[in-house]
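One structure is given below, encoded as structure tokens.
The values are calculated or read from the model by the stated rules, or taken from the named source; none is laboratory data. From a predicted model like this one, the values you see are computed outputs, not experimental measurements. Note that we place each Cβ from the backbone using ideal geometry, even for glycine, and neighbour counts take in every protein chain shown. The area values use the complete protein model at the heavy-atom level, side chains included, leaving out ligands, DNA and RNA. Shrake-Rupley method; radii C 1.70, N 1.55, O 1.52, S 1.80 Å.
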Amino acid sequence: MLKRAVQRVLAARQRRGGSGRPARLTAVGTGVAAVAGTLALAGVDRLLFGGLGVLFGLGYLVVCFQLAVRVRYSDLPAAPICGPIAFAAALVLLQPGPAQGITGEVVALAGGLALRAGWLFAGTALAAAIVTARYVAQRRRHRTR
């Protein structure tokens with residue numbers, strides 16, 4: 001029964017002109033998805049556990065993976081760039097503890113980035129590795145044609 005439903009959906013997509021492949025993100029869409037996903041996971045982590053911890057880090061890895069997999073080929077560099085920007089935005093907006101003035105905000109951001117550098121580097125490296133692999137695979141396909 002489920003198989004028939006999937007076949008009907010795919011047939012309807014083909015009638016409408018859809019290819020059945022998932023839609024790709026543009027560079028702007030990648031930035032919006034990165035900020036939205038990272039902020040949502042940071043908010044959940046802060047609500048459940050009172051701070052930004054392991055859930056935030058794991059969520060950031062998932063967001064970076066999804067960005068790198070879903071970005072358009074022409075916008076590949078956007079995936080490893082948007083992730084760290086979203087990470088920093090989540091720290092600025094949802095990091096617990098009051099900061100006094102602009103200097104306090106900058107120091108709090110630097111401290112938050114230093115404390116979570118492992119998650120930041122892991123997610124960025126994951127996105128960069130996937131983007132590089134996609135680029136190399138596309139170039140090989142193009143070269144064989």
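Odds and ends about this structure:
- Just one of the listed residues (A137, A89, A79, A117) is hydrophobic (A, V, I, L, M, F, W, C), at pLDDT below 95 and farther than 27 Å from R24 by Cβ, and it is A117.
One line per residue, one yes/no per condition, for (1) in contact with a Lys or Arg (Cβ under 9 Å, 6 or more places away or on another chain); (2) more than 25 Å from L115 (Cα to Cα); (3) at pLDDT 70 or above:
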| site | (1), (2), (3) |
| --- | --- |
| V9 | no, yes, no |
| R15 | no, yes, no |
| T30 | yes, yes, yes |
| A34 | no, no, yes |
| A40 | no, no, yes |
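- Search result, residues across region 97-113 that are exposed (fewer than 10 other Cβ atoms within 10 Å of the Cβ) and either at negative phi or touching a strand residue (DSSP E or B) at 6+ places or on another chain (Cβ under 8 Å) (or both): P98, Q100, I102, T103
- Only residues that are without any contact (Cβ under 8 Å) to a residue 40 or more places away in the chain and either among the charged types (D, E, K, R) or open to solvent by less than 30 Å² (accessible area, probe 1.4 Å) (or both) were counted in region 68-90, giving 1.
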